[in-house]
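Below is one structure; the comments refer to it alone.
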Amino acid sequence: MPTFGNAQLKLLERLCNVIAISGDEGEVRKIVLEEVKPYADEVKVDALGNVLATKFGRAKNRTRPRAPFRVMLDAHMDEVGFMIVADDGEGLYRFETIGGMDVRGLVGKQVFVGKERTPAVIGARPVHLMDADERTKKVPLDALRIDVGPSGKAKPGDRAGFATRFRRVGQSIMSKSIDDRIGVATLIELFRQALPDIDLCAAFSVQEEIGLRGAKVAAQYFNPDLAIAIDSTPANDLPLHDGSENMTYNTKLGFGPAIYIADGSTLHDPRLVRFLQETAEAEGIPYQFRQPGGGGTDSGAIQRSLAGIPTVSVSVPHRYTHSPISISRVEDWKNTINLLHAALKRVTPQLIAIR
Ligand SMILES: [Zn+2]
């Protein structure tokens, strides 16, 4: 099993505390490059900003006479957030959301704006001054402003992200960007501890939250034999308020890595689903199946790239998706790394030889 402890949690903390809203992933890219370069045979940053790192299998350096089998692992660097679109004066700015977000949860939240991380607050008219009708309605996005104060400066195009800091509380990890820094940290760990029999193609992709854009280009660059998207998926496992059993949990915290069968963008390759399940069972690693439904991962773009690529997704579950703070369990993360590490060890071309 790969090593797992404080060093891994420290790396995750660093990744979670920088801000990288879709299209502006530079802060995460910097850390990724620093972490993967010493282990990579090739590293490239493409036109969109994807980090594409390759570690060649033994076939390349001729200690083994067989064609390299290329496995692509993907994790997206971007997170949801905001983009300033207009200046209303007095330090008040109109903004758009980047990525799917519940506008009802935004009022009063602290954000950092722009490269200088100017502290600001998302504001709206106070509840006392709303009429009865307004109080029952959703606050529309265009009624909200990002308030940096009269001395603060922002400009259209600047991104803003939640100001929440990473926290580790007992068995829980809390952060604004578990989705998908936990995938990025997983991919860095797998890349460092990669096994020699395959070409490992690591795509740290951009712009997932606005339509899986970076991964599509990354898959075309690597042209892999198969791909695994590593992400974080909602756990909808709170008790139901009427006391009935929660049958729509999607995933549950503490039940291990979530293997996908189907989601809103992909029917995951059944051979790879079975392979991951068998790997988990053989190695004694807990796992769960993500319940089919809406949402998606980069697998949706990768699977339909080139002439089609066998693809599966694995996620670490988290609660409170796309909000200022999500919660995951340390054990679920550790088991996700273990499962994927074991899978890389066992993967063979025969796995996808016959449909
Ligand atoms: Zn994600």
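The values are calculated or read from the model by the stated rules, or taken from the named source; none is laboratory data. Since the structure is predicted, the reported quantities are computational estimates derived from the model, not experimental observations. Every residue, glycine among them, receives a Cβ derived from its backbone with ideal geometry; neighbour counts consider all protein chains shown. Just so you know, the surface numbers come from the protein's heavy atoms only, side chains and all, with ligands and any DNA or RNA stripped out. Shrake-Rupley method; radii C 1.70, N 1.55, O 1.52, S 1.80 Å.
Want the number for Thr136 to Val85: 0.36 nm per residue separation, take away the alpha-carbon distance, what's left? Display every interim value, and only then the final one.
Working: separation 51, 0.36 × 51 = 18.36 nm, distance 2.76 nm.
Extending this stretch completely gives an extra 15.6 nm.
Lys and Arg at +1, Asp and Glu at -1: add these up for the other residues within a Cβ distance under 10 Å of Pro317 and post the number. Let's see the in-between values first.
Details: positive: Lys252, Arg290, Arg319, Arg329; negative: Asp237, Asp332.
Once all neighbours under 10 Å are counted, the net charge is +2.
For the chain, count the residues as N, evaluate 2.2 N^0.38 Å, and divide the Cα radius of gyration by that value, please.
On the way: Rg = 21.0 Å, N = 355, 2.2 N^0.38 = 20.5 Å.
Computed over Cα atoms of the chain, the ratio equals 1.02.
Kindly sort Tyr287, Tyr39 by accessible area of their heavy atoms, largest first, with the probe set to 1.4 Å.
Values: Tyr287 55, Tyr39 95 Å².
So the residues, ranked largest to smallest area, are Tyr39, Tyr287.
Report the gain in length on full extension from Arg274 to Arg165: 0.36 nm times residue separation, minus Cα-Cα distance, nm rounded to one decimal. List each step's numbers first, then the result.
Details: separation 109, 0.36 × 109 = 39.24 nm, distance 3.77 nm.
Length gained, Arg274 through Arg165: 35.5 nm.
Hey, how many Å between the Cα centroid of region 219-258 and the Cα centroid of region 107-154?
Cα centroid to Cα centroid, the span is 31 Å.
Identify, among Thr248, Thr186, Val148, the residue whose Cα sits farthest towards the positive end of the charge dipole of region 111-258, taking +1 on the Cβ of Lys and Arg and -1 on the Cβ of Asp and Glu, with the dipole about the Cα centre.
Val148
In region 201-264, if every C-alpha pair distance is counted and binned at 5 Å from zero, what percent goes to each bin?
In whole percents, the pair-distance histogram is 3, 13, 19, 17, 16, 12, 8, 5, 4, 2, 0.
Report the accessible area of Glu35, computed with a 1.4 Å probe over the heavy atoms of all protein chains in place, in Å² rounded to the nearest 10.
The accessible area of Glu35 comes to roughly 30 Å².
How big is the accessible area of Tyr93 in square angstrom, nearest 10, if you roll a 1.4 angstrom probe over the protein chains?
10 Å²
Counting only other residues whose beta carbon sits under 12 Å from that of Phe289, what net charge do I get with K and R as +1, D and E as -1? The partial results should precede the final answer.
Details: positive: Lys252, Arg274, Arg290; negative: Asp263.
Here the charged neighbours net out to +2.
Where the only charges are on Cβ atoms (+1 Lys, Arg; -1 Asp, Glu), what is the dipole of the chain about its Cα centre, to the nearest 20 debye?
Details: 45 positive and 44 negative charges, 202 e Å.
Charge dipole of the chain: 980 debye, to the nearest 20.
Once you place label points 7 Å from the Cα toward the Cβ at Asp237 and Leu33, how far apart are they in nm?
3.8 nm
Mind checking the per residue accessible area of the chain for me, 1.4 Å probe, whole number of Å²?
Numbers: 15800 Å² over 355 residues.
For the chain, the solvent-accessible area averages 45 Å² per residue.
Per 0.36 nm of contour for each residue apart, how much would the distance between Tyr221 and Ile261 grow if the chain were fully extended, relative to their Cα-Cα spacing? Don't jump to the answer; show the numbers that get you there.
Values: separation 40, 0.36 × 40 = 14.40 nm, distance 2.58 nm.
Once the chain is fully extended between Tyr221 and Ile261, it gains 11.8 nm.
In this model, which of Lys10/Lys153; Lys55/Lys115; Lys55/Lys176; Lys138/Lys216; Lys30/Lys176 are farther than 28 Å apart at the alpha-carbon?
Details: Lys10/Lys153 32 Å; Lys55/Lys115 32 Å; Lys55/Lys176 31 Å; Lys138/Lys216 35 Å; Lys30/Lys176 19 Å.
Long pairs (Cα-Cα over 28 Å): Lys10/Lys153; Lys55/Lys115; Lys55/Lys176; Lys138/Lys216.
With all protein chains present, how much of the accessible area of the chain (probe radius 1.4 Å) comes from carbon and sulfur, to the nearest whole percent?
Values: 8300 of 15800 Å².
Roughly 53 percent, rounded to a whole number.
Relative contact order for the chain: what is it in percent, counting Cα pairs under 8 Å that are at least 6 residues apart?
Details: 816 pairs, mean separation 76.7, N = 355.
Relative contact order of the chain: 22 percent.
Can you give me the span-like helices of the chain, meaning DSSP H runs with 18 Å or more of Cα extent along the axis and Kyte-Doolittle mean at or above -1.0? Please report the intermediate quantities before stating the final value.
Working: long enough: 178-192 (21 Å, 0.62); 270-283 (20 Å, -0.51); 330-346 (24 Å, -0.44).
Counting only whole DSSP H runs, the qualifying helices are 178-192, 270-283, 330-346.
Could you give the size of the charge dipole of region 1-151 about its Cα centre, using +1 on the Cβ of each K and R and -1 on the Cβ of each D and E, expressed in debye and rounded to the nearest 20?
Charge dipole, region 1-151, about its Cα centre: 1200 debye, nearest 20.
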